[in-house]
Amino acid sequence: MTGTRTQSRRAMLGIAALVLLTAMLSVGLGARGVALADILSALQGQVETIGQAAVAARIPRTLMALLAGAALGLAGAAMQGVTRNPLADPGLLGVNAGAALAIVIGIAWFNIDSAALYIGTAVLGAGGAGIIVYLIAALGAGGATPLKLALSGAAVTAALVSFTTAVVLPRADIGGLVQSWLVGGVGGATFSQITPVLPALVLGGVIVLASPRRLNLLALGEEAATGLGESVAVARAMSAGGAILLCGATTAACGPIGFVGLVVPHACRAILGGDYRRVLPASALTGAALLTGADVLGRLVARPSEIDVGIVTALIGGPVFIWIVRRGRVAAL
Amino acid sequence: MSVESLSIRALAAGYGGARILKGIDLEIAPGQITAIVGANACGKSTLLRAMSRLLTPESGEVLLDGTSVHATAPRALARRLGLLPQAPQAPEAITVLDLVSRGRHPHQGIFGGWSAQDEAAVAEALELTGTDALAEREVAALSGGQRQRVWIAMALAQQTEVLLLDEPTTYLDVNHQVEVLDLLTDLNRRRGTTIVMVLHELNLAARYADRLVAMRAGEIHAEGAPGEVLTETMLRAVFDLEARVMDDPVSGRPLMIPLGRHGLRANEREEARR
C-alpha cells in the first residue's frame with residue numbers, strides 16, 4: 001500500500017491537520033465547559049474568569065501532550081527500526097519503566113529535586129533498562145529475535161515495576177505524588193515543567209530525525225546493511241541513543257506512557273510504506289495527535305473528573321497490540 | 001569496469017574462540033565466477049563472511065587490489081565489494097523500486113541527494129534482472145524467485161566490481177535456481193563482475209562456475225576448473241560420498257550422480273559390491 005509521492009504528501013498534510021485539530025480541541029474542551037468568547041480571550045492572555053483560567057491552564061498541557069506524543073512516536077519508530085521488531089515500544093521494552101524506577105529511587109533515596117537531575121536520572125534509567133532487556137534477549141541461540149525481545153521486555157518491565165512499588169510503598173511522604181506521576185499524564189503541566197525537558201527532547205529528536213537512511217539500511221538486516229557499507233553497531237547506537245533520550249525526558253516530565261510508541265509507527269507504515277524518511281516525521285506528528293487526542297478523551301469521558309492519558313493510551317494500545325501480533329508480521333520488519 | 005584482484009592470505013577466522021578457517025590461501029580469479037562448495041560446517045560461508053566485513057579475521061588478510069578489505073572504510077569498500085547474504089529478509093511494506101534504490105547507499109553523500117547516476121544505475125539493475133515491470137510491487141508479495149532477482153538487482157545497483165553471494169539459490173525451485181544462475185552469468189559476461197558464491201548444488205556449481213573451490217574442515221581441499229575439481233576422489237574426500245562423475249551431455253561440464261544404496265541398476269550393483 002505504498003503511495004506515490006503525491007499520495008504520501010497528501011497523507012502528511014492530513015496528519016498535520018489532525019495535529020492542529022487535536023491541539024485546538026485540547027485547548028477548547030475539558031472537564032469544565034468554557035464559552036468560545038472566554039477561550040479566545042484566554043488565548044490572548046486574559047485570566048479573569050474561571051473559564052479563562054481553565055483555558056490558560058490547558059495551553060501548557062496541550063503543548064506538553066504534543067511534545068510527549070511526538071517524542072514517543074519518534075522513539076517508537078526508531079526502536080522498531082533498530083531492533084527490527086514490530087513489537088518494540090518504549091513501554092514494552094522496559095525503557096519507560098527503567099526511567100520511572102530511576103526517578104523513584106532518586107526521589108526516595110537521594111532526594112533529587114531539580115528538573116535537570118530528574119531528566120538525567122530518567123535517561124540513565126531508560127538506557128540501563130534498554131541494555132538489560134537487549135542483553136537478556138540476546139542470550140541463547142538466534143540472538144535478539146523479536147519474540148525474545150518482547151518476552152525479555154515484559155519480564156524486565158514487570159521486575160522494574162514491582163521494584164518501583166517496593167521503593168514507593170514504605171514512603172508515605174512521597175507516595176501520593178509518585179503514584180499519580182507513575183500513571184502517566186500531562187494534566188497540570190506548566191511551562192516551567194516543559195522548559196527543562198526541551199534540550200533533551202530537541203537533541204534526541206534531531207538525532208533520530210537525522211537517521212532515516214541508517215534505519216532504512218538496518219531494516220534490510222545486519223548482513224545486507226554491512227554489505228551496503230553501513231556500520232551496524234554505530235547506526236544502532238546512534239538511533240537507540242536518540243530514542244532513549246526522548247523516552248527518558250518524556251518519562252521525567254509525564255511519567256511512563258505506554259503504547260503510543262507501538263501504535264503510531266505501525267499506522268504510519270501502513271499509510272506511507274516502509275521508508276523511514278517518511279515514517280519518522282509522520283510518527284512524530286501522529287504521536288503528537290494521538291497523545292493530545294487521548295488526553296482530550298480522558299478529560300471528556302469522566303466529567304467532571306478526568307482519566308490520565310496513560311490509562312487512555314493503554315486502553316487504545318492493548319487491542320492494537322493484540323491485532324499486530326495476530327496479523328503475524330512479528331517475524332519480519 | 002576495471003577488474004580487481006582479490007587475494008586471501010593465511011586467513012584464520014571463527015566465532016567466539018572456535019576457529020573455523022585454518023589458514024586459507026586463495027587467489028580469486030578476476031572477472032570470473034568462483035563457486036565454493038563443501039559439506040555442511042566445512043567453513044564455506046565463514047570464508048565468504050571473512051572476505052567481507054561481516055567477520056573480522058583472527059589473522060591473515062583479504063586483499064582487494066592490494067589493500068586489506070578489513071582496513072578499508074566501510075562505504076568505500078561497499079562501492080567496490082558487494083554482498084548478498086543468504087535468504088535476506090525484506091522489511092514490511094517495501095516496494096521493489098525502494099529496495100533496489102537502497103543499493104545506491106554507498107554512492108550517496110551524507111545528505112543523500114539522488115543523482116542522475118543513481119537513477120541510471122537503478123534502472124539498469126531493474127532491466128538486467130527483468131524486474132522493471134515489478135518496480136511498484138511490494139517485495140513481500142512476490143514469488144521466491146522474483147524476490148531473489150530483486151535482491152540481486154539491489155546488489156547490481158551497488159555497481160561493485162566484486163560480488164559475494166551466500167547460497168543465492170537456497171529455498172528456490174529448480175527452475176528459479178537456473179534462472180538466478182543464468183542471471184549472474186549474464187552479469188559476469190556483460191560487466192566483467194567477479195562473482196564468488198557459496199553453492200550447495202554441486203552439478204549447478206560445476207555447470208555455472210569457471211572455478212570451483214572445494215573446502216573440507218576449514219581448509220581448501222581442491223581449487224581449479226570444474227573438470228579438475230569435481231572428481232570421484234574429491235567427492236569421497238570432501239563429502240564422504242561414493243558417486244559417479246560423467247560428462248554432462250548438455251554442457252560438457254562434469255556431472256555428479258551419487259550411488260547410494262538403493263535404486264541401482266544390476267550392473268551398478270555389481271560394481272558397487274566390488
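The values are calculated or read from the model by the stated rules, or taken from the named source; none is laboratory data. Since the structure is predicted, the reported quantities are computational estimates derived from the model, not experimental observations. Virtual Cβ from ideal backbone geometry, glycine too; neighbours counted across all protein chains shown.
Numbers for the structure displayed
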| item | result |
| --- | --- |
| Among the candidates B:Ala125, B:Ala90, B:Ala121, residue that is in a loop (DSSP other than H, G, I, E, B) and touching a residue at least 12 places away in the same chain (Cβ under 8 Å) | B:Ala90 |
| Flag if B:Thr169 is farther than 17 Å from B:Pro88 by Cα and outside the structural domain of B:Leu128 (by TED's automatic domain parsing) | no |
| Count - residues of the stretch A:11-61 that are farther than 23 Å from A:Ala294 by Cα, without any contact (Cβ under 8 Å) to a residue 12 or more places away in the chain and surrounded by 14 or more Cβ atoms within 10 Å (Cβ to Cβ) | 4 |
| Conditions (1) modelled with pLDDT under 90; (2) in contact with an Asp or Glu (Cβ under 6 Å, 6 or more places away or on another chain); number of the one not met by B:Asn175 | (2) |
| Residues within the stretch A:170-187 that are small (Gly, Ala, Ser), farther than 19 Å from A:Gly248 by Cβ and not in a helix (DSSP H, G or I), tallied | 1 |
| Among (1) more than 30 Å from A:Asp275 (Cβ to Cβ); (2) in contact with a helix residue (DSSP H, G or I) (Cβ under 7 Å, 6 or more places away or on another chain); (3) among the small types (Gly, Ala, Ser), the one test that A:Gly120 misses | (2) |
| Residue match in the stretch A:278-287 (condition: within 21 Å of B:Arg137 (Cα to Cα), of a type outside the set (Gly, Ala, Ser) and under 20 Å from the mean Cα position of the chain (by Cα)) | yes |
| Verdict on A:Gly45 being more than 14 Å from chain B (Cβ to nearest Cβ), outside any helix (DSSP H, G or I) and more than 18 Å from the chain's Cα centre (by Cα) | yes |
| Among residues of the stretch B:75-121, those that are over 18 Å from B:Gln146 (Cβ atoms), surrounded by fewer than 20 Cβ atoms within 10 Å (Cβ to Cβ) and at the interface with chain A (Cβ under 7 Å from one of its Cβ atoms), counted | 2 |
| Filter result for the condition that a residue is among the charged types (D, E, K, R) and either at pLDDT 85 or above or buried (at least 24 other Cβ atoms within 10 Å of the Cβ) (or both), over A:Asp89, A:Asp113 | A:Asp89 |
| Residue among B:Asp65, B:Asp98, B:Asp25 that alone is on the phi > 0 side of the Ramachandran plot and of a type in the set (D, E, K, R) | B:Asp65 |
| Residues within the stretch A:212-265 that are within 14 Å of another protein chain (Cβ to nearest Cβ), crowded, with 23+ Cβ neighbours inside 10 Å and over 27 Å from B:Leu163 (Cβ atoms), tallied | 1 |
| Options B:Leu83, B:Leu163, B:Leu126, B:Leu77: the member that is farther than 27 Å from B:Ile28 by Cβ and either under 21 Å from the mean Cα position of the chain (by Cα) or not polar (S, T, N, Q) (or both) | B:Leu126 |
| Any hit, the stretch A:65-73, residues being within 21 Å of A:Pro304 (Cα to Cα), surrounded by 15 or more Cβ atoms within 10 Å (Cβ to Cβ) and not β-branched (Val, Ile, Thr) | yes |
| Candidate set: the stretch B:29-56, residues that are of a type in the set (A, V, I, L, M) and farther than 14 Å from B:Leu165 by Cα; chosen: the one surrounded by the most Cβ atoms within 10 Å (Cβ to Cβ) | B:Leu55 |
| Of all residues making up the stretch B:42-76, the number that are touching a Ser or Thr at 6+ places or on another chain (Cβ under 8 Å) and more than 27 Å from B:Ala18 (Cα to Cα) | 2 |
| Residue check for B:Thr194: within 21 Å of B:Ala125 (Cβ to Cβ) and either surrounded by 19 or more Cβ atoms within 10 Å (Cβ to Cβ) or more than 18 Å from the chain's Cα centre (by Cα) (or both) | yes |
